[in-house]
1. Would you mind finding the one in 97, 101 that is of a type in the set (D, E, K, R) and modelled with pLDDT of 75 or more?
2. What number of residues within region 4-61 are in a loop (DSSP other than H, G, I, E, B) and either within 33 Å of the chain's Cα centre (by Cα) or not charged (D, E, K, R) (or both)?
3. Can you tell me which residue in region 5-33 is modelled with the highest pLDDT, limited to those that are of a type in the set (Gly, Ala, Ser) and surrounded by 10 or more Cβ atoms within 10 Å (Cβ to Cβ)?
Amino acid sequence: MAKSLRSKSKLQAKSVKRKGEFAKYVDERSKRIADRLAKETAKQEAEKKKNKQEDGQETMDLDKAAEDGEEKTHNKKVSTSGWRDSNSQRYKQRQLKNKSKKKTLKF
């Protein structure tokens, strides 16, 4: 009869494999992931510094524009009306199209 995967002997065998055979692969993988995350973090920090410098220049430009009497509008109005992309909305659209096609006179 087969032993259950929850039996003590099976669990001990898996833990030995985890600690011995597969440990180096797991360690290498975690090291690669940590290096990748460190690079991404450094890149994001550089972008933040760059954006802060650009924002500082923009505020200086806005101050100059305010002195000149000009106003810059960065906020555009976004339309929120219209059909959504949910399945129920697509179903309703199809039903409306089908109803308009079916309007014929029958004798």
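The values are calculated or read from the model by the stated rules, or taken from the named source; none is laboratory data. The structure presented is a predicted model; accordingly, all values stated were derived computationally and were not measured. Because the Cβ atoms are built from the backbone with ideal geometry, glycine has one as well, and the counts that use them run over all protein chains shown.
1. The unique qualifying residue is 97.
2. Result for region 4-61: 5.
3. Selected residue: 30.
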